[in-house]
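Peer 1: First the structure, then my questions, so here it is.
The values are calculated or read from the model by the stated rules, or taken from the named source; none is laboratory data. As the structure is a computational prediction, the values presented were derived from the model and not from experiment. With ideal geometry, Cβ positions are generated from the backbone for all residues, glycine too; neighbour counts draw on all protein chains shown. Ligands, DNA and RNA are stripped out before the accessible areas are found, and what is left, the full protein with its side chains, is counted by its heavy atoms. Shrake-Rupley method; radii C 1.70, N 1.55, O 1.52, S 1.80 Å.
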Amino acid sequence: MQNQTADVSWKSGRVPVSGRFDDPYFSLENGLEETRHVFLEGNDLPGRFDGPVHIAELGFGTGLNFLTTVLEWQAAGTEAPLRFTSFEAFPLTGEDMDRALGAFDAFATLGPALVRQWDPTGGSVDFMPGVTLTVLPGDARVQVPAWGGVADAWYLDGFSPAKNPELWGADLMQAVADHTAPGGTFATYTAAGFVRRGLEHAGFSVQRVPGFGRKRHMSRGVLAP
């Protein structure tokens, strides 16, 4: 079944806001630096690109997290492959994705490349030599448990737990843990107590650490032995 594309409005003409969840897709302050702080640094990823890495993500959104990861992977000068798998129930149209990514000068080349290859119905593409992108459509509560893959690192990036609680429930956090490699990690911008408890119950050792910008705290963790 084809996904229903996202209903989007625009804040200040450049930041997409979900009509379904009434939440912006990225930080109103600096989405690129937020992604670096929360997801890259939160998973210690710049230092892990010297070997093969498989990243999985809840919520592909604009592709900001994926492209920021590719930028950091390129900067690392590695030849080790990068795999990126994302679960997305309400994909953006190519037009909205192009407009959102156009706000970032850093994506002048990568943004149009992603838009050209983007298919809202999902699929897998060799985005560039060494980088494979897979987007799995549909409800993550169904798709993650059924997924045949295992991730080294997770980006938990659904909309706010207060507005999109379905993407933060204990059963889904358990499925995330079940599809994490030994010693694998997660990072997320939220420090909501029920999310942290769900991750701890699933087997992660969870830390609450300083967040980005106005957010005082975020969460990160490692799958315990």
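Peer 1: Given Cβ point charges of +1 (Lys, Arg) and -1 (Asp, Glu) and nothing else, what value in debye, to the nearest 20, does the dipole of region 165-218 about its Cα centre take?
Peer 2: Numbers: 6 positive and 4 negative charges, 92 e Å.
That gives a dipole near 440 debye.
Peer 1: Loop-only check: which GluC sites (Glu not before Pro) in region 1-107 are DSSP coil with at most 10 other Cβ within 10 angstrom? Spell out each step's value before the answer.
Peer 2: Working: sites: 29, 33, 34, 41, 57, 72, 79, 88, 95; in loops: 29, 79.
Listed in order of number, the matching sites are 79.
Peer 1: Under a Cβ-only charge scheme (Lys and Arg +1, Asp and Glu -1), can you give me the dipole magnitude of region 115-178 about the Cα centre, in debye to the nearest 20?
Peer 2: Working: 3 positive and 8 negative charges, 33 e Å.
Magnitude of the dipole: close to 160 debye.
Peer 1: Can I ask one more? Per residue, how many Å² of accessible area does the chain show with a 1.4 Å probe?
Peer 2: Working: 10180 Å² over 225 residues.
Each residue of the chain exposes 45 Å² on average to a 1.4 Å probe.
Peer 1: What length, rounded to one decimal in nm, is gained on full extension from residue 214 through to residue 116, with 0.36 nm per residue of separation minus their alpha-carbon distance?
Peer 2: Values: separation 98, 0.36 × 98 = 35.28 nm, distance 3.42 nm.
Between residue 214 and residue 116, full extension yields 31.9 nm more.
Peer 1: Can you give me the % of accessible surface on region 15-75 that is carbon or sulfur? Probe 1.4 Å, all protein chains present, nothing else counted.
Peer 2: On the way: 910 of 1970 Å².
Solvent-exposed carbon and sulfur of region 15-75 make up 46 percent of the total.
Peer 1: In addition: Which of the three applies to region 157-225, rounded, prolate or oblate, going by the alpha-carbon gyration tensor with a ≥ b ≥ c and a/c under 1.5 meaning rounded?
Peer 2: oblate
Peer 1: So, one more: Classify the chain from the C-alpha gyration tensor, please: rounded if a/c falls under 1.5, else prolate or oblate depending on whether a/b exceeds b/c.
Peer 2: Numbers: a/c = 1.30, a/b = 1.15, b/c = 1.14.
Judged from the Cα gyration tensor, the chain comes out rounded (a/c under 1.5).
Peer 1: Counting other C-beta atoms within 10 Å, and keeping those with at most 15, which DSSP coil trypsin sites (Lys or Arg not before Pro) do you find in region 1-109?
Peer 2: Values: sites: 11, 14, 20, 36, 48, 83, 99; in loops: 14, 20.
Those satisfying the criteria are 14, 20.
Peer 1: How many percent of the accessible area of region 86-144 is carbon or sulfur, using a 1.4 Å probe? Write down the numbers at each step before the final one.
Peer 2: Working: 1400 of 2700 Å².
Ligands and nucleic acids excluded, carbon and sulfur reach 52 percent.
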